[in-house]
Amino acid sequence: FDLPAPGIAEGEKTELTALMMAMPRETLVFFDDSRYILGDESSVRVFGEHLAERAGKTGNKTLLVLADRRVAGGELMKFAAVAKRHGVRRILFAEKKSE
């Protein structure tokens, strides 16, 4: 797993975190100890419902996304659209800190 460089600003707080990994035929999303397949409509629907439930329970509706650098830009945009439709107001994409 390899985050893109350079580093993000420190001090951002969020209760919602997702991890995205590119696999040979699909992009996987990990959220709250569950795995979702971004290209599978039923999996994305379940993810959206789970995210909406969690976002509804927090005042800070910011989602931190840890995306491997191999995740395609289009997949990031698709993911962001799902998150926005399900109650997330702000999305932060993490990067690797500069050495």
Residues of region 64-74 satisfying the condition of being over 14 Å from Phe30 (Cα atoms) and either open to solvent by less than 40 Å² (accessible area, probe 1.4 Å) or in contact (Cβ under 8 Å) with a residue 40 or more places away in the chain (or both): Arg69, Arg70, Ala72
Hits in region 38-49 (condition: open to solvent by 40 Å² or more (accessible area, probe 1.4 Å) and not basic (Lys, Arg)): Gly39, Asp40, Glu41, Ser42, Val46, Glu49
1 or more residues of a type in the set (D, E, K, R) and modelled with pLDDT of 85 or more: qualifying strands (runs of 3 or more DSSP E) within the chain: 34-37, 90-93
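The values are calculated or read from the model by the stated rules, or taken from the named source; none is laboratory data. This structure is a prediction, so every number in the text was calculated from the model and none was measured. Cβ: placed from backbone, ideal geometry, glycine included. Neighbour counts: every protein chain shown. SASA here: full protein model, heavy atoms, side chains in, ligands and nucleic acids out. Shrake-Rupley method; radii C 1.70, N 1.55, O 1.52, S 1.80 Å.
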